[in-house]
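Structure, as structure tokens:
The values are calculated or read from the model by the stated rules, or taken from the named source; none is laboratory data. All values derive from a computational prediction rather than experimental measurement. Glycine gets a Cβ as well: all are built from the backbone with ideal geometry, and neighbour counts include every protein chain shown. Accessible surface areas use protein heavy atoms only, side chains included; no ligands, DNA or RNA. Shrake-Rupley method; radii C 1.70, N 1.55, O 1.52, S 1.80 Å.
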Amino acid sequence: MPNSPQRPRPSSFTRISMVAWREFRHTALTKGFIFGAIVVPILMFGLIALMPLLLSDKTPPLVGTVVVADPSGTILPRAKAILEKPASMQEVAQDLAEELSTTPKDTASQMGAMSKLSDLNPAPVQVEWRSERDFNAVESIKAEVRDGTAIAAATIQPDALDPSKPATALELFIPSSLSPKHVRQLQRAFRQALEDERIARSGVDAQLLERLARAPEPATTRISPQGSEAEERTELRMIVPGAFMMLLWITIFTSANYLLTTTIEEKSNKVMEVLLAATSPMELLAGKIFGYALVSTVMLVMYGGLGIAGLAAGTMLDIVPIEHLVYFLLCFVMAYFMVASMMAAVGSAVSDLREAQSLVGPVMMLLIIPLVLWAPIIENPNGLLATIMSFVPPASPFVLILRLTAATEPIPLWQTLLALTWGFACAYGMVWIAARIFRVGVLMQGKPPTPRELLRWAMVR
Amino acid sequence: MASSQRFQTAAVRIEGVEKHFGNVHAVRGISLEIPERSLCGFLGPNGAGKSTTIRMIMSIISPDRGTVEVLGGSALSMKDRIGYLPEDRGLYRKMRVGEFLGYVARLKGVHATGLSRRIDDWLERLALPGVAKRRCEELSKGQQQKIQLLASIIHAPDLLILDEPFSGLDPVNGRIVLDLIREEQARGATIIFSTHQMHTAEALCDRIVLINKGEKVLDTTMADLRATHDDRGLVCEPRADPAAFAEAARARGIARHARLHDNGAVDLELADGQTTESAMSAVLEIAPMRSIALRRMNLDDVFVEIVGGSDAKGAKIDA
């Protein structure tokens with residue numbers, strides 16, 4: 001038998017470190033974590049990058065006869081030339097912008113407008129063109145479309161070249177089987193042909209007209225109170241606070257969720273009592289919280305590092321000033337201790353995840369607010385809702401980071417300091433309450449406690 | 001013992017301990033002392049308060065009232081000198097056996113140097129060679145139980161508390177654990193274990209604490225228990241009708257109580273003034289006997305008698 005060892009008693013810090021390291025090692029250094037938290041996001045980014053390739057259009061070519069009833073005889077050659085030449089990106093973008101500005105703001109209309117993006121990759125065209133000078137033959141050419149002899153028939157009224165005439169001066173007849181993409185190609189070709197012919201007849205230089213119509217975007221420069229000037233990137237300035245908040249959410253909730261599930265598992269596995277024979281409940285709780293803080297930090301460094309590297313690669317680091325990073329780290333610490341203490345307390349009090357969800361549910365509703373309202377909060381960081389929510393834990397750090405990094409108007413310094421001080425005080429209070437609930441909860445079995453019972457546990461000696 | 005100079009005689013000293021769980025009064029003013037190096041059995045029916053008392057000794061829960069002193073101090077500060085096998089067994093299912101044992105040992109203050117070798121030695125000793133690299137979930141229930149026991153003694157504790165150490169073990173593994181407990185006592189550890197297996201407690205313990213309904217109802221050494229209960233009874237197998245024999249033994253003033261067994265044997269509790277020798281002669285005068293023997297103390301009977309379930313064991317004829 002091995003001899004009894006003479007050994008120094010391990011300090012509380014040593015035991016906390018051991019628990020923390022075990023939690024970290026068995027979470028972050030596992031295949032599941034590496035796959036779920038590292039490989040999957042990388043794959044997702046890769047997938048997004050490869051999306052155009054994966055979604056490359058394989059629409060069959062536009063094959064068949066197009067009959068054009070055009071007394072002037074000038075539209076067909078123009079339409080043919082346009083159809084056989086793919087639209088440039090600029091033309092599609094212009095079309096899209098026009099479409100979005102004129103379509104009603106309902107989802108279906110906007111989806112229709114967005115479908116114009118597919119014009120960037122038009123279907124190949126193998127069309128035979130037939131001109132029909134006799135405009136009275138419209139019924140016979142419609143019959144050709146009906147019986148499938150022709151894939152489309154266009155009728156151009158004699159007065160279609162008059163800009164004052166209504167849109168019905170140009171009509172397109174298509175069979176029910178023609179794909180939407182082919183329809184858009186034909187619509188675009190005839191509309192553009194008619195426009196070009198009208199311009200040509202007016203005697204105006206078409207290229208000059210195009211240059212005149214395309215006024216440049218205003219070059220916008222943002223001037224800081226210190227006098228420095230930087231090119232405005234409005235979209236990025238909207239996205240960055242949202243990205244900060246999402247990064248906070250993902251890193252904290254991933255590890256807090258691990259904390260919740262492992263605590264429940266240890267309780268249901270009955271390994272908890274073995275651990276409590278070696279550590280105090282407080283040491284165990286502290287070890288678990290610090291262990292998963294390490295997990296969160298690893299994710300933060302990884303995702304945040306990727307983001308910073310991306311900005312650096314695009315020479316856009318100036319949109320994330322250093323003080324925003326400091327605010328972010330403060331909010332990260334505050335949010336982590338709030339959420340982790342809550343999850344540890346709930347995990348210790350219940351026997352399975354379903355019971356945990358009923359306890360965590362109401363708080364999660366509060367935490368979803370920043371996710372849902374991030375855009376209005378960024379737009380108006382000093383609004384009443386934003387101001388109030390930045391003082392309501394555990395949503396406060398998530399709202400606060402949105403407010404602090406929003407570009408529009410700075411929040412008063414006193415509010416920043418008060419929100420940070422209040423937030424850390426709340427985080428401390430939540431850890432204190434969680435510790436007291438944890439101490440009682442880990443040894444409790446049976447039905448889950450009610451919120452009132454949890455409160456009583458927190459008050460117990 | 002590693003630090004025996006820290007305490008004089010009592011490894012565990014409990015004074016007036018009370019514990020409530022809501023409306024349930026789980027432990028009612030228990031006081032006891034467990035001498036160092038003793039092997040003390042905690043007996044009692046289910047729900048008697050044994051595990052609660054043990055958890056208070058371990059400082060896993062705090063008493064509502066009273067004091068608990070372990071190894072001369074608070075159990076919280078002595079955790080590395082205490083080994084504990086809880087009633088509800090638990091392992092990290094995905095953790096490898098060697099890693100789990102190493103983790104618990106390190107938490108208890110065992111130095112990492114040579115720990116792996118130490119674990120291998122112990123696994124060999126418990127007939128579990130080569131399982132160090134296997135995940136806990138891959139082991140059988142009996143193997144898992146031995147790993148849990150090993151986790152409680154890997155750091156060579158001064159006080160070993162085992163809550164139902166034999167439950168779920170087959171006779172072979174039960175024997176291994178029994179030997180291990182004896183060796184731990186021989187090493188110098190004080191051992192407290194709770195069990196429902198009276199014959200095991202009888203064979204192992206040098207001290208018995210019986211708890212019922214949250215109260216201590218018996219606290220004595222096995223020697224005292226035997227002195228009280230041994231030699232004060234006979235077990236007779238009469239060739240005649242056992243009931244008539246029992247009645248006659250009582251009527252002639254040989255026995256105070258007579259209890260009939262299903263196998264035809266009769267337990268006689270001797271009346272005052274009777275010696276075993278005089279009683280043996282007297283019963284032979286009542287009827288011829290297949291066998292006649294001194295009744296040895298039976299912890300089962302003591303348990304049933306004190307806990308109040310004596311009616312469950314055969315008919316009893318009172319004097």
remark   = Sequence order, segment A:276-282: Karplus ³J(HN,Hα) from phi using 6.51 cos²θ - 1.76 cosθ + 1.60, θ = phi - 60°, Hz rounded, Gly and Pro as x, gives 5, 6, 10, 9, 7, x, 5
request  = Using 0.36 nm per residue of separation minus the Cα-Cα distance, give me the extension gain between A:GLU379 and A:ILE250 in nm, one decimal.
outcome  = 44.2 nm
inquiry  = At 1.4 Å probe size, put A:TRP457, A:TRP414, A:TRP374 in order of accessible surface, largest to smallest.
reply    = A:TRP414, A:TRP374, A:TRP457
ask   = Which whole-Hz ³J(HN,Hα) couplings does segment A:170-179 yield from phi under the Karplus relation 6.51 cos²θ - 1.76 cosθ + 1.60, θ = phi - 60°, glycine and proline marked x?
value = 10, 10, 10, 10, 10, x, 5, 8, 5, 6
task = Using the structure shown, select from A:LYS288/B:LYS19; A:LYS270/B:LYS146; A:LYS267/B:LYS141; B:LYS50/B:LYS79 the pairs with a Cα to Cα distance greater than 22 angstrom.
result = A:LYS288/B:LYS19
query = Under a point spin-label approximation (7 Å from Cα along Cα-to-Cβ), what is the B:GLU305-A:GLU210 distance to one decimal in nm?
reply = 11.4 nm
ask   = Once the Cα gyration tensor of segment A:12-51 is found, what semi-axes does its equivalent ellipsoid get, as square roots of 5 times the eigenvalues, in whole Å, sorted largest first?
value = 34, 8, 4
request  = Give the dimensionless ratio obtained when the Cα radius of gyration of the protein assembly as shown is divided by 2.2 N^0.38 Å.
outcome  = 1.54
query = Can you list the residues, at least 5 places off or on another chain, whose amide H is less than 5 Å from the amide H of B:LEU85, using H built in the peptide plane?
reply = B:ILE161, B:LEU162, B:ASP163
ask   = From the Cα gyration tensor of segment B:137-208, with a ≥ b ≥ c the square roots of its eigenvalues, which class applies: rounded if a/c is under 1.5, or else prolate if a/b is larger than b/c, or else oblate?
value = oblate
query = For the Cα atoms of chain B, what angle does the longest principal axis make with the long axis of helix B:115-125, in degrees from 0 to 90, nearest 10?
reply = 30 degrees
task = Summarise the accessible area of the protein assembly as shown (1.4 Å probe, protein heavy atoms) by the percent that is carbon and sulfur.
result = 59 percent
key: Kirkwood hydrodynamic radius of segment B:231-295, Cα pairs, Å   = 11.1 Å
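Hey, what does the equivalent ellipsoid look like for chain B, semi-axes from the Cα gyration tensor as sqrt of 5 times each eigenvalue, largest first, whole Å?
44, 23, 17
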message = Only bridges whose two residues both fall in the protein assembly as shown count here: according to DSSP, what percent of them are antiparallel, nearest 5?
response = 60 percent
query = Say the dipole of segment B:30-111 comes from +1 at the beta carbon of Lys and Arg and -1 at that of Asp and Glu; which of B:ILE60, B:ILE30, B:VAL110 then lies farthest toward its positive end?
reply = B:VAL110
request  = Starting from the amide H of A:LEU62, placed 1.01 Å from N in the peptide plane, find each other amide H under 5 Å away whose residue is 5 or more places distant or on another chain.
outcome  = A:VAL125, A:GLN126
inquiry  = Working only with C-alpha atoms, what are the Rg and Dmax values of segment A:234-459, expressed in angstrom?
reply    = 18.5, 58
query = Rounded to the nearest 100 Å², what is the sum over both chains of accessible area buried where B meets A, with a probe of 1.4 Å?
reply = 3300 Å²
remark   = Checked segment B:1-111 with the C-alpha gyration tensor, a ≥ b ≥ c its square-rooted eigenvalues, rounded below a/c of 1.5, otherwise prolate if a/b is larger than b/c and oblate if not; verdict oblate
task = Positive end of the charge dipole of the protein assembly as shown (Lys, Arg +1 and Asp, Glu -1 on Cβ, about the Cα centre): tell me which of A:VAL298, A:MET246, A:LEU43 has its Cα farthest that way.
result = A:VAL298
inquiry  = Are there any trypsin sites (Lys or Arg not before Pro) in segment B:117-209 that are in a DSSP loop and have at most 11 other Cβ atoms within 10 Å? List them by number.
reply    = B:LYS133
